[in-house]
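The values are calculated or read from the model by the stated rules, or taken from the named source; none is laboratory data. Quick caveat, the model's predicted, so the values are computed rather than measured. All Cβ positions, even for glycine, are placed from backbone atoms using ideal geometry, and neighbour counts span all protein chains on display. What goes into the accessible areas is simple: the full protein's heavy atoms, side chains included, and nothing from ligands, DNA or RNA. Shrake-Rupley method; radii C 1.70, N 1.55, O 1.52, S 1.80 Å.
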Amino acid sequence: ASMVRVDSKSVLTENSSVYVMMTGNCARLPCPQFSSLSQESGLCKCQPLFDGTKLHWNASAKRYVGECAPSFSCPAHAMHAEVAADVVKTRLACVCINGYAGGHMAWDEYGSRVWHGACKLVPCPLGAIRGSTGLCQCADAADDETSSLEWAPWLGGYAGKCSDKIMQQILAQRREKEQAELLRLREKQEQRLREIQNQHLRKSTTTRTPDNHTNKSTADGLNNTG
């Protein structure tokens, strides 16, 4: 059913009747991703763990339509992928998308899938910025050929490094920022100290004022008596 003619041609005879002559052989179309040929139906069928209702053969179009979609969903920031089960076999699992790490799928003793951890965004290495694709790239990659940075899924991080020049610039900017922050904190502490000193000074002045008033009243009384 999934066989199609490689080529064909029409021949016009003397009595104007048309005969169609087929040449070549019928070639079987390759099965779509995550599907394999069924010996029973002669059609491609979705492999286990995939939803087979979304793939079918379109006879008029002579091709498969739809796809084999996984029958289980993945957590946030994870996607479906085939991972090695042993040296030869692979199996479908969830893995963190590029730029994320921290989550992985395993199988328990009963063969059931178990998800561990969570896929979290990996910070950009020193000298790198996040690009439009969501992955980190060296800030000076266009100007410095020594800068090389790429996402390495097997590491759960980035491989390579940015040039020493851009790293030195970033370190210098960080030092300037830290010094500015220290200066701001020092000024804030000095201001607070002055406020405390002024408060003590005002309290001291307020405490001495009644004594002066009392002494003045006593002196006035003595003068009146004389």
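Could you check how many residues of the stretch 69-90 are assigned to a strand (DSSP E or B), touching a Lys or Arg at 6+ places or on another chain (Cβ under 9 Å) and open to solvent by 30 Å² or more (accessible area, probe 1.4 Å)? Show your work before the answer.
Restricting attention to the stretch 69-90, the residues satisfying the condition of being assigned to a strand (DSSP E or B) are 69-70, 78-84, 90.
So of that shortlist, the ones also touching a Lys or Arg at 6+ places or on another chain (Cβ under 9 Å) come out as 69, 82-84.
The next check asks that each one be open to solvent by 30 Å² or more (accessible area, probe 1.4 Å); those that pass are 82-84.
Looking only at that region, the number is 3.
Can you tell me how many residues within the stretch 12-38 are open to solvent by 100 Å² or more (accessible area, probe 1.4 Å) and at pLDDT 90 or above?
Adding up the residues that qualify gives 1.
Hey, can you tell me all the residues within the stretch 39-64 that are of a type in the set (Asp, Glu) and at pLDDT 85 or above? I'd like the intermediate steps shown before the answer.
Narrowing the stretch 39-64 to residues of a type in the set (Asp, Glu): 40, 51.
Glu40, the sole residue that qualifies.
Within the stretch 46-63, how many residues turn out to be assigned to a strand (DSSP E or B) and over 33 Å from the mean Cα position of the chain (by Cα)?
The number of residues fulfilling the criteria is 4.
Out of (1) surrounded by 10 or more Cβ atoms within 10 Å (Cβ to Cβ); (2) modelled with pLDDT of 80 or more, what's the single condition that is false for His116?
(1)
If only one of Gly66, Gly52, Gly102, Gly42 is in contact with a strand residue (DSSP E or B) (Cβ under 8 Å, 6 or more places away or on another chain) and open to solvent by less than 50 Å² (accessible area, probe 1.4 Å), which one is it?
Gly52
What are the pairs with Cβ atoms under 8 angstrom where one residue, in the stretch 66-83, is touching a residue at least 12 places away in the same chain (Cβ under 8 Å) and the other, located anywhere, is of a type in the set (Ser, Thr, Tyr)? Sequence gap at least six, or different chains.
These pairs meet every condition: Cys68/Ser35; His77/Tyr100; Ala78/Tyr100; Val83/Thr90.
Among the residues of the stretch 145-190 satisfying the criterion of being at pLDDT 90 or above and of a type in the set (Phe, Trp, Tyr), which is nearest to Val95 (Cα to Cα)?
Trp151
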